[in-house]
Amino acid sequence: MDFILEPWAWYVGGPLIALTLFLYFYFGQNFGASTNFETLCTMVGAGKVSDYFKKDWKERDFAMLFVIGLIIGGFISSNFLIPNQTIDLNPKTIQELTDLGFTNVSNQYFPDEIFSNEAIFSLKGFLILILSGVCIGFGTRYAGGCTSGHAITGLSSFQLPSLLAVIGFFIGGIIAVWFIIPILF
Amino acid sequence: MKNIKFLLLGIFFAIVLSKVQAISWYRFYEMFRFESFHMFGIIGGAVVVSAIIMQLFKSEKIKDINGNKITPKQKQKGYIRTLVGGTFFGLGWGVSGACAAPVFVILGFKWLPALIILLGALIGTLIYGLVSKKLPN
């Protein structure tokens, strides 16, 4: 049981993510996560405002089950499989974030400064989350994929658009943590 | 319910991402600051093992459950689409620490902030749907 409850090393993660990709394809579907945003839009009636969403979401019922599985898996993990959310961060990272005013750094998965009720019920905190979401939704659809679809499926099948997209992910991510986070906090 | 296997696969994937901390805001912050090998090891490892799997698919040594050849979908080409779209995604990912699969996993940890991010993502997707024909490729 110890193995289940302790954090898993990085070299366990890669092969298990690849196993997920393998099974997804083996079951007859293309591995990726961000198309689900489109499917959810279609399900709530976005087809009324744009033909882009006029699709039959029932063709993607398997993907909706995968999404439900992700939520259940997250719930199981948070409640039963991770008794201790301590993260073994680089001391330099901890110092930087502490200097920015973050507290309890690396004692939990999600920083209070962004995820606590106090943060999300403030205008600034709410805008941080919702606008990040808008960038994620718009960006993945424009780029044609996310970390699963581009960085893993696309790079491993040697597709040039995926390499470009991953370069884009890093341009955006670097701007976010080097410039935007220090301005926001 | 022949698709129940996707539900189980989703549960498995969520547990893997949670246990290797690939849903933690701090891990992505650290990755974009290049201060840790952890996330690079995970993503790099996933890509290397997946590349081997892709070769087995390509040579048809492994076929899907129905006996068909497995070919990953070809991604849409275009420099602006991939680089600009990718940059937008990276901005959202870097600030919120959530990407497309983890946002659903985070719902099981911190449901309210994850729901706000998800709502934003659906608005962003809707905006893309409305303007997609006018955007450069």
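The values are calculated or read from the model by the stated rules, or taken from the named source; none is laboratory data. This structure is a prediction, so every number in the text was calculated from the model and none was measured. When we count neighbours, we look across all protein chains shown, and the Cβ atoms used for this are built from the backbone with ideal geometry, even at glycine.
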> Checking B:GLN55 against (1) facing chain A (nearest Cβ under 7 Å); (2) surrounded by fewer than 24 Cβ atoms within 10 Å (Cβ to Cβ); (3) farther than 22 Å from A:ILE128 by Cβ, which single condition isn't satisfied?
Replying inline: (1)
>> Considering only region A:66-79, I want to know if a residue exists there that is touching a helix residue (DSSP H, G or I) at 6+ places or on another chain (Cβ under 8 Å), part of a loop (DSSP other than H, G, I, E, B) and over 13 Å from B:PHE109 (Cβ atoms).
In response: no
> Which one of these does A:ILE4 not meet: (1) at pLDDT 95 or above; (2) in contact with a Lys or Arg (Cβ under 9 Å, 6 or more places away or on another chain); (3) aliphatic (A, V, I, L, M)?
Replying inline: (1)
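Quick grid of which residues meet (1) farther than 19 Å from B:GLY94 by Cβ; (2) under 16 Å from the mean Cα position of the chain (by Cα); (3) aliphatic (A, V, I, L, M):
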position: A:GLU96; (1), (2), (3): no, no, no
position: A:ASP99; (1), (2), (3): no, no, no
position: A:PHE110; (1), (2), (3): no, yes, no
position: A:ILE128; (1), (2), (3): no, yes, yes
position: A:LEU131; (1), (2), (3): no, yes, yes
position: A:GLY144; (1), (2), (3): yes, yes, no
position: A:GLY154; (1), (2), (3): yes, no, no
position: A:ILE181; (1), (2), (3): no, no, yes
> Considering region B:78-99 alone, what residues qualify as being of a type in the set (A, V, I, L, M, F, W, C), within 7 Å of chain A (Cβ to nearest Cβ) and surrounded by fewer than 24 Cβ atoms within 10 Å (Cβ to Cβ)?
Replying inline: B:LEU83, B:VAL84
> Filtering region A:28-49 down to residues that are under 19 Å from B:PHE88 (Cβ atoms) and among the polar types (S, T, N, Q), which residue is farthest from the other protein chains (Cβ to nearest Cβ)?
Replying inline: A:THR35
> Between residues in region A:109-126 that are of a type in the set (Val, Ile, Thr) and residues that are buried (at least 21 other Cβ atoms within 10 Å of the Cβ) and modelled with pLDDT of 95 or more, which pairs lie under 6 Å by C-beta distance while being six or more apart or on different chains?
Replying inline: A:ILE120/B:PRO113
> What helices (runs of 4 or more DSSP H) completely inside region A:1-57 contain at least 2 residues that are surrounded by 14 or more Cβ atoms within 10 Å (Cβ to Cβ)?
Replying inline: A:10-26, A:35-43
>> Looking at region B:98-137 only, could you name the residues that are in a loop (DSSP other than H, G, I, E, B) and more than 25 Å from A:PHE121 (Cα to Cα)?
In response: B:LEU135, B:PRO136, B:ASN137
>> Here is a list: B:LEU91, B:LEU130, B:LEU83. Which entry is more than 17 Å from A:PHE169 (Cβ to Cβ) and free of Cβ contacts under 8 Å to residues at least 60 places away in the same chain?
In response: B:LEU130
>> Out of B:LEU112, B:LEU126, B:LEU107, B:LEU56, I need the residue that is in contact with a Leu (Cβ under 8 Å, 6 or more places away or on another chain) and among the hydrophobic types (A, V, I, L, M, F, W, C). Which one?
In response: B:LEU107
